Amino acid sequence: MPRLKCTVAYDGTQFSGYQVQPGKRTVQGEIEQTLAKLHKGSVIRVSASGRTDAGVHARGQIIHFDTPLEIKPERWQIALNSMLPADIAIHDAEFVHPGFHARFDAVGKEYRYFMLLSKQRDPFQRNYVYQFSYELNYVAMEEAARHLVGTHDFTSFCSAKTEVEDRIRALKEIEFFEEDGLLVFRFVGDGFLYNMVRILVGTLLEVGTGKRAADGMPVLLDKKDRTLAGKTAPGHGLYLWKVFYDEDSMDTGN
């Protein structure tokens, strides 16, 4: 049976996360309901590169599913977009080999976190960027980031609810840049633990405001204690930006 790979973007504001949950509106639930309509009631299960939490957005989530329908990829994109709710969009679709898996074949991910550095509230961006009204020391933040880049046990930087036992991850890049009046944090790694990016952001912000020392990052990593790291930054500033596979280069720049 043909297997279709799709790139999905979504506004996470009105979702209880990506993964199906009983009685709640989720991205996976909406996609599977749409596929059921296209398949005349047949259940079509979707696999994704990973889950995102409530309020978290995606620009480049990857999904796959098997389908008996003989429809060209470009027609799949049109058909799905015509039926999906306005806060989900299929950006591209292609047939892949039957063994492809959106999650298990992924070799890395890029997340971006967007912030509005202003004391003035912007009601039009309240669901899409985190407003932060304090000045930041970027030199200190860059020093802290250098300590975090590399292969480490990130237990201190993941939620206490994290279920996986192997918490070693290779964080390849952390950078900060301004874009359209916003401060953007960019993280690239081979994988990320539950809430890892949001805790990294929260910790770096504490460094930037002088609440903790940049050279304290190695100690945080060594202690493997979530209570020692910074607060978890709000979900609405976070975007799953891109998922990498073997054919992709993880050296993307901004």
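Determine the sum of side-chain charges near residue 33: Lys and Arg each +1, Asp and Glu each -1, restricted to other residues whose C-beta is under 15 angstrom from that of residue 33.
Numbers: positive: 24, 25, 37, 40, 45; negative: 30, 32, 87.
Residues close to residue 33 contribute a combined charge of +2.
Could you tell me the calculated FRET efficiency between residue 100 and residue 122, based on Cβ-Cβ distance and R0 = 35 angstrom, to the nearest 0.05? Provide the component values of the computation, followed by the final result.
Working: r = 41 Å, r/R0 = 1.17.
Plugging the Cβ-Cβ distance into 1/(1 + (r/R0)^6) gives 0.30.
Suppose every K and R has +1 on its Cβ and every D and E has -1 on its Cβ; what is the size of the dipole of the chain about the Cα centre, in Debye to the nearest 20? It would help to have the intermediate numbers written out before the result.
Values: 31 positive and 34 negative charges, 188 e Å.
Using Cβ point charges on Lys, Arg, Asp and Glu, the chain gives about 900 debye.
Would you report the distance distribution of C-alpha pairs in segment 108-244 as whole percents per 10 angstrom bin, up to the bin with the largest distance?
12, 46, 34, 8, 0
Could you state, as a whole-number percent, how many of the C-alpha pairs of the chain are farther apart than 25 Å?
The proportion of pairs with Cα distances above 25 Å equals 46 percent.
How much length is gained on full extension from residue 1 to residue 228, taking 0.36 nm per residue of separation minus their Cα-Cα distance? Intermediate values should be presented prior to the final figure.
Numbers: separation 227, 0.36 × 227 = 81.72 nm, distance 4.94 nm.
Extra length from residue 1 to residue 228 when fully extended: 76.8 nm.
Can you work out the PRE-style zone for residue 173? Point 7 Å along Cα to Cβ, and I want the residues of segment 194-218 with backbone N under 14 Å.
In segment 194-218, the label zone of residue 173 (backbone N under 14 Å from the point 7 Å along Cα→Cβ) covers no residue.
With r defined as the distance between the Cβ atoms of residue 71 and residue 51 and R0 fixed at 25 Å, what FRET efficiency is calculated, to the nearest 0.05? Don't jump to the answer; show the numbers that get you there.
Details: r = 27 Å, r/R0 = 1.10.
In this case the efficiency is close to 0.35.
Å³ per residue of the Cα convex hull, for segment 3-96? Don't skip to the end; give the middle numbers.
Values: hull volume 8.0 nm³, N = 94.
Considering the Cα atoms of segment 3-96, their hull volume per residue is 85 Å³.
Which residue, 64, 42, 8, has the largest displacement toward the positive end of the dipole of segment 1-69 when charges sit on each Cβ (Lys, Arg +1; Asp, Glu -1)?
Comparing the listed Cα positions along the dipole, 42 ranks first.
Over segment 108-244, what is the relative contact order in percent, taking alpha-carbon pairs closer than 8 angstrom and at least six residues apart? Don't skip to the answer; put the middle values down first.
Values: 271 pairs, mean separation 52.8, N = 137.
After rounding, I find 39 percent.
Based on DSSP H runs of at least 4 residues, each adding -39500 (n - 2.57), what is the mean residue ellipticity at 222 nm of the chain after dividing by all its residues, to the nearest 500 deg cm²/dmol? If you can, show how the numbers build up before the last one.
Numbers: 5 runs with 54 residues, N = 254.
Computed mean residue ellipticity for the chain: -6500 deg cm²/dmol.
Tell me the relative contact order for segment 3-96 as a rounded percent, counting alpha carbon contacts under 8 Å between residues six or more apart. Show your work: numbers first, answer last.
On the way: 176 pairs, mean separation 41.8, N = 94.
Once normalised by length, the contact order is 44 percent.
Of the residues 35, 148, 228, which exhibits the maximal mean-square fluctuation in a Gaussian network model of the chain defined by a 10 Å Cα contact cut-off?
228
If each residue's Cβ is checked for other Cβ atoms within 10 Å, how do 204, 4, 117 rank with the fewest at the top? It would help to have the intermediate numbers written out before the result.
Details: 204 27, 4 23, 117 16.
Ordered from fewest to most neighbouring Cβ atoms within 10 Å, 204, 4, 117 come out as 117, 4, 204.
At a Förster distance of 51 Å, what's the computed FRET efficiency of residue 162 paired with residue 82, Cβ-Cβ distance as r, to 0.05? Each step should come with its number before you reach the end.
Values: r = 38 Å, r/R0 = 0.75.
Using R0 = 51 Å, I get an efficiency of 0.85.
Quick one: if you stick a label point 7 Å off each Cα along the C-beta vector at residue 194 and residue 151, how many nm between them?
It works out to 2.5 nm between the two label points.
How large is the dipole of segment 9-131 about the Cα centre if only Lys and Arg carry +1 and Asp and Glu carry -1, each at its Cβ, rounded to the nearest 20 debye?
400
Given a cut-off of under 8 Å on Cα pairs at least six residues apart, what relative contact order in percent is computed for the chain?
Details: 529 pairs, mean separation 60.8, N = 254.
Computed value for the chain: 24 percent relative contact order.
Read-outs: derived from the displayed coordinates by stated rules, not from any lab. If you're wondering where the values come from, they're calculated on a predicted model, not measured in any experiment. Don't worry about glycine lacking a Cβ; one is built from the backbone with ideal geometry, like all the others, and counts go over all protein chains shown.
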